Structure formats: structure tokens, C-alpha cells
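Please read the structure below before turning to the comments.
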Amino acid sequence: HLSRLEFLTFWDLPRLEKISMEHLQNLRVLTVGRTYQLVDLTCILKLPYLEHLNVSCCDKMKQIVDIQNVIDTEGRYETPIQAFRQLRVLQLNSLQSLDSLCNSKLNFTSLEYIDVFACPKMKKLPFEQIGKLNSIRGEQTWWDNLEWDDESSSLSLLASFKSSEICSASFRPELDAT
């Protein structure tokens, strides 16, 4: 059964335009790369157990999640509020058109690791509330060009930032097997 699937990779699918995840409720790790026509991954809002999201080389992707689109089509706001409760690892790499993770601030209460490389247009981190963040890795120029709603947000995350000019091998922390 697909409903039991926990790990999924979409890779080198240059014509893929849309992904549906409504039957993958147990998905914990999602990797999406080299899907050049894909514009967002709003479908991940329906993945309550998602722990690790790795997105790379999606040329048309302007944001990971379009919350406004969900509100407009579903007429309610419950789904986005529940999104990302379990997300521990977020990796974004070579997303040249990416402006933001999403168009609204969200709670990332479990987030521990963030990698952002070659995402020159991403200027904001949409964190309403953030958990036990251990590390933010990215280029120094990206960090220096981030726009903050207030100085305290920048200062609170600065201790977690580690400058790196290259994205090293894929970061794969141990995920709880339970």
C-alpha cells in the first residue's frame, strides 16, 4: 500500500508539473530534484509526519508552499496551520527562482537543520515560531542579504548560522525509526 510509504524521491523528471500526496499520509522523507517545470510543493501541507524535505534544481519553483492558493481553493486555513509540525530537516539547493518558503509565517516547532545553497532570490525566513534549531548552513552573501521583520529575529538565529560556500554531501541525520 502506498499509504505506508515513508521515503519518496522524485528525481530527473523534467516535465513534471504537479505532485499529489493525499494518499501518502505516513511520508517522512521527501526528496525532489531536477523537476524543472514544478512551480511549488503545496501538496506537502497534507503530510503530517514529514521530517525531512530536500528540494533542489527546480528552475520554476518560486516558493515551496503557496498558502494563499490553499486558502483560495479550500476556503479555510486549518491545513497550513498544521503543516511542518514534524519537519526537522529542510534542504534547499540550486533553486534559482525561489523567493520564499511560503507566503505566510508558519510554526516550525521541530526544525533542527536548515541548508540553503544557490537560492539567491530567497530573502526571508517565514518563521512564526521555531523549535530547537541546531544549524543553518548557507552562503554568507545569502545570510547577509536576508530581510528581517525585526532585529531580534536576526540576532536569535545568528548563533545557529554556519557560513559555507559549497553544499557538501547530502546531510542525512538519523531519523527516529518509531
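The values are calculated or read from the model by the stated rules, or taken from the named source; none is laboratory data. Small disclaimer: the values here were computed from a predicted structure and weren't measured. All Cβ positions, even for glycine, are placed from backbone atoms using ideal geometry, and neighbour counts span all protein chains on display. The area values use the complete protein model at the heavy-atom level, side chains included, leaving out ligands, DNA and RNA. Shrake-Rupley method; radii C 1.70, N 1.55, O 1.52, S 1.80 Å.
Identify, please: which residue in segment 134-160 is outside any loop (DSSP other than H, G, I, E, B) and farther than 18 Å from S100 by Cα and is, among those, modelled with the highest pLDDT? Please lay out each step first, then the result.
Of segment 134-160, the ones outside any loop (DSSP other than H, G, I, E, B) are 135-138, 140-144, 151-158.
Then drop every residue that is not farther than 18 Å from S100 by Cα, which leaves 135, 151-152, 155-156, 158.
Numbers: S135: 93, E151: 80, S152: 80, L155: 83, S156: 85, L158: 90.
Ranking the candidates gives S135 first.
Restricting attention to segment 7-27, which residues are loosely packed, with under 14 Cβ neighbours inside 10 Å, at pLDDT 90 or above and assigned to a loop (DSSP other than H, G, I, E, B)? Step through it out loud before you land on a result.
Taking segment 7-27 and keeping what is loosely packed, with under 14 Cβ neighbours inside 10 Å, we get 7, 9, 11-12, 14-15, 17-18, 20, 22-23.
Then keep just the ones that are at pLDDT 90 or above; that gives 7, 9, 11-12, 14-15, 17-18.
D12, P14, R15, E17, K18 - these are the residues of segment 7-27 that are loosely packed, with under 14 Cβ neighbours inside 10 Å, at pLDDT 90 or above and assigned to a loop (DSSP other than H, G, I, E, B).
Filter segment 31-44 for residues that are open to solvent by 10 Å² or more (accessible area, probe 1.4 Å) and of a type outside the set (D, E, K, R); which is farthest from S94 (Cα to Cα)? Taking the candidates together, the pick is C43.
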